[in-house]
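All of the numbers you see were taken from the coordinates with simple rules; none came from a lab. Because the structure is predicted, anything quoted here is derived from the model rather than measured. Heads up, the Cβs are rebuilt from the backbone with ideal geometry, glycines too, and the neighbour counts pull from every protein chain shown.
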Amino acid sequence: MDISPLVYYGSIFVLAIFIGYYVVWSVTPALHTPLMSVTNAISAVIIVGAIVAMGTESTGVSGVISKIVSFFALIFASINIFGGFLVTQRMLEMYKKKVKKDV
Amino acid sequence: MFNNLMSVDLIASLYLLSGVFFIIGIRGLSSPETARAGNYLSMSGMALAFIVTILNLEDNSLVNLILIIAGISIGGTIGTILSKRVAMTDMPQMVAALNSMGGLSAVLVAWAAFLSPAAFGLMTGGYIKASSMVEMLLGILVGAVTFSGSVVAFLKLQGLMKSAPIILPFRHVLSIGILSAILFCSYLILAGSEIDQLLFLIISILSLALGLLLIIPIGGADMPVVIAVLNSYSGFAAAIIGFTLSNLALVITGALVGSSGAILSYIMCTAMNRSFFSVIMGGFGDEVGGSSDAKETRPVKIGSADDAAFILKNASSVIIVPGYGMAVARAQNSLKEMVDKLKEMGIKVTYAIHPVAGRMPGHMNVLLAEADVPYDDIFELSEINSDFAQADVAFVIGANDVTNPAAKSDPQSPIFGMPILEVENAKTVLFVKRSLGIGYAGIGNDLFYRENTMMLLDDAKKMSEDISSSI
């Protein structure tokens, strides 16, 4: 008997929450702002949903609307991804300068 | 152009791999040395998820691929420009704005799935599967709350909207009413209503209203919690959509981000000694009236930049306590110059950072990093609090509530029980502030009237520059 997808993905979800819990507690408080901007960026992995929706062979009026809607989802998710990663990078560069100096 | 390049199992495994990249990437933030490598790893995870998805599209006609690339180029350009332009001081707004994008795209993806369910394999016997329907509705709810809540947070942080809590009458009743309406509409959809698209739209609009209603009553001082909570919501919205689309990358990432935001909210709440519930219920900072109405008659010692320079020069150890006021005045660079001069004279200078200093977790650390302050000079509340008793000078610049002794001594105070930086124990307290006004929490600070306190009433940036030049 196969387990239902809900239970399958649910198990992964629960385990990932535990991983997140331990990983995030290990982040130094000094880097909490970059932590927020980077988690922000990776939560925009929802872009894969938008791409899948763009790339489906849909027909009819609702199919067309679906594509338009997902095109906008794609744009917003990209803003989130690029903005989030690059701003994180910018912040982390500032920490690099000092680490070098201290050595 | 290319067809069924990968098996379903391979696709799932690669999504899992990108989830692993994200986990190790976040783990990199445990120290500034590994943080950049971690960020690159997270980027690779995202690139991997993207490539896997694009290689396995059902409709990979050239037109479609061009559209996808166009969408990403538009969004990518906007995102890149934003990330280059934003000032470090404005990072909380930036995160709120990006968060709203994430929430909005979750809503839109849920809509796309709802409009062409067959394409996502959500159909069973001519209807959308009930479990998928529930997931999409939840995705809409959480995504829309994230979106509108983040927009309000952005407006408040950007100063486009009053940051004081806005208390609507019957707001709790209103929220419960909206939530009930959402549940009722969801029930109708699940029961197989004919007008399901209209209901779906109504639910979206109601959810947006709910997000507004939740964040509007929350005051400026609680913004660090709000930002963290919304961050957490955006993660859970992604995870829920991941269930609908049976996508491992989304489920794993959403859970990670969700728990990250939740932990940060918890840390912020603890640092303010507030329960998570009371922050979410809002209204903090509206009790300005009571205590501050009484005209203050106690004497205040007000000093000039020269006085401050004299005191600082004769100290042997100084602890700097930066707060949001420093960020607003963009004083971090002039402060660093002042500190450098003091250090040249052999004075020991350290920085003490309260967890809720600034408008988001870790905000002060980023600003000091921008001004090139060495990482080793910066200490957390628990590391440095006992050092104040040995310090000659506590230099409070733009902080207020986090130093308020009422948190320890006055059970009537709204901030009673909040852990504070015990600057009062230093021999002299220099307090840079624009006026003798109350803090964000709307509470007067007893410290201003102490014997060992000298108030330096000026803009934080100007004051640091003036002190620098007279040292």
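Worth a mention:
- The charge dipole of the protein assembly as shown, taken about its Cα centre with unit charges on the Cβ of Lys, Arg, Asp and Glu (plus for the first two, minus for the last two), comes to roughly 560 debye.
- Note on A:31, B:190: ascending count of other Cβ atoms within 10 Å places them as B:190, A:31, the fewest first.
- Inter-part distance, the range B:1-55 to the range B:168-214, computed on C-alpha centroids, equals 36 Å.
- Length-normalised contact order for the range B:1-85 - Cα pairs under 8 Å, 6+ apart - percent: 34
- DSSP beta bridges fully contained in chain B are about 10 percent antiparallel.
- Neighbour-count ranking [beta-carbon atoms within 10 angstrom, fewest first] of A:25, B:111: A:25, B:111
- Length-normalised contact order for chain A - Cα pairs under 8 Å, 6+ apart - percent: 32
- Per-residue mean of C-beta atoms belonging to partner chains within 10 Å, peptide B:48-57: 4
- For residue B:428, distant residues with modelled amide H under 5 Å away: B:393, B:394
- Chymotrypsin sites (Phe, Trp or Tyr not before Pro) within the range B:113-170, DSSP loop, no more than 11 other Cβ atoms inside 10 Å: B:170
- Note: relative contact order over chain B, using C-alpha pairs below 8 Å and six or more positions apart, is 14 percent.
- Cα gyration tensor shape of the range B:296-470, rounded if a/c is under 1.5, else prolate or oblate by comparing a/b with b/c: rounded
- Ordering B:384, B:252, A:75 from the fewest to the most neighbouring beta carbons within 10 Å gives B:384, A:75, B:252.
- Inter-chain Cβ neighbour average for residues B:117-127, partner chain, 10 Å: 2
- Oblate is the label for chain A, because a/c, from the alpha-carbon gyration tensor with a ≥ b ≥ c as root eigenvalues, is 1.5 or above and a/b does not exceed b/c.
- Whether the range B:1-133 is rounded, prolate or oblate, judged on the alpha carbon gyration tensor where a/c under 1.5 counts as rounded: prolate
- Shape index of chain B: Rg/Rh, with Rg the Cα radius of gyration and Rh the Kirkwood radius from the inverse mean 1/r over Cα pairs, equals 1.04.
- 3J(HN,Hα) couplings calculated from phi for the range B:358-363 with the Karplus curve 6.51 cos²θ - 1.76 cosθ + 1.60 (θ = phi - 60°) are, in sequence order, x, 10, 7, x, x, 4 Hz; Gly and Pro show x.
- Over 26 Å (Cα to Cα) - which of B:156/B:301; B:343/B:433; B:84/B:156; B:301/B:427; B:156/B:427 fall in this group: B:156/B:301; B:156/B:427
- In chain B, the DSSP-assigned H stretches of four residues or longer account for a calculated mean residue ellipticity at 222 nm of -19000 deg cm²/dmol, using -39500 (n - 2.57) per stretch and the full residue count as denominator.
- The range B:394-471 versus the range B:56-84: alpha-carbon centroid distance in Å: 50
- 3J(HN,Hα) along the range B:410-418, derived from phi through the Karplus expression 6.51 cos²θ - 1.76 cosθ + 1.60 where θ = phi - 60°, amounts to 10, x, 7, 5, x, 9, 4, x, 6 Hz, with x in place of Gly and Pro.
- Folded to 0 to 90 degrees: helix B:460-470 orientation relative to chain B principal axis, Cα: 40
- Crossing angle, helix B:32-55 versus chain B [Cα axis fit, 0-90 degrees, rounded to tens]: 20
- Relative to the longest principal axis of the Cα atoms of chain B, helix B:62-85 runs at roughly 10 degrees.
- Neighbouring partner chain Cβ atoms per residue of B:361-373, average, 10 Å criterion: 6
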